[in-house]
Amino acid sequence: MNHYCEQWIADWCQEHGWTDWFPEQRSYWAFPPHAVMPTPIPQQALRNIKADNGFSPDERAWGLAGLASLVSGVVMSYGLSSPMPMLMAFGFCAVVA
């Protein structure tokens with residue numbers, strides 16, 4: 001799951017003068033102002049970006065999918081008089097979390 005929207009990273013880089021950002025494994029790298037080697041974007045900057053913007057589109061989609069599975073699991077468990085749909089919904093929500 002991607003915790004940051006690419007547009008948020010691009011906006012931050014443009015605002016602070018960093019250029020040519022790219023994701024590498026689980027971090028974001030870019031060229032700081034007047035630098036010839038890329039460095040990781042500071043974690044504090046990423047935390048500030050996340051605090052300003054909230055959930056990314058990927059997080060919203062997975063959260064809504066978890067909520068939908070929970071509701072459908074409750075309804076199906078009640079309708080079928082079986083705990084299995086609720087257990088399946090719980091398992092899916094655990095994976096999402």
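The values are calculated or read from the model by the stated rules, or taken from the named source; none is laboratory data. Just so we're clear, the structure is a prediction, and the values are computed from it rather than from any experiment. Ideal geometry is used to build each Cβ from the backbone, glycine not excepted, and the neighbour counts take in all protein chains shown. Ligands, DNA and RNA are excluded from the accessible area calculation, which covers all protein heavy atoms including side chains. Shrake-Rupley method; radii C 1.70, N 1.55, O 1.52, S 1.80 Å.
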_If the elastic network links every pair of Cα atoms under 10 Å, which of LEU80, LEU70, LEU46 fluctuates the most in the Gaussian network model of the chain?_
LEU80
*Quick one: ranking VAL96, VAL74, VAL36 by accessible area, 1.4 Å probe, largest first, what do you get?*
VAL36, VAL74, VAL96
*Hey, rough spin-label estimate for VAL75 and ARG47, points 7 angstrom out along Cα→Cβ, what's it come to in nanometres?*
4.1 nm
*Taking the Cα centre of the chain as origin and charging only Cβ (+1 Lys, Arg; -1 Asp, Glu), how large is the dipole, in debye to the nearest 20?*
360 debye
*Please work out the average accessible area per residue across the range 10-65, using the 1.4 Å probe convention, and give it in Å².*
73 Å²
*Provide the convex hull volume over Cα atoms per residue for the chain, in Å³.*
89 Å³
*For the chain, what is the calculated [θ] at 222 nm in deg cm²/dmol (nearest 500), taking -39500 (n - 2.57) for each run of four or more DSSP H residues and dividing by its residue count?*
-20000 deg cm²/dmol
*Roughly speaking, to the nearest percent, how much of the chain's 1.4 Å accessible area is carbon and sulfur?*
65 percent
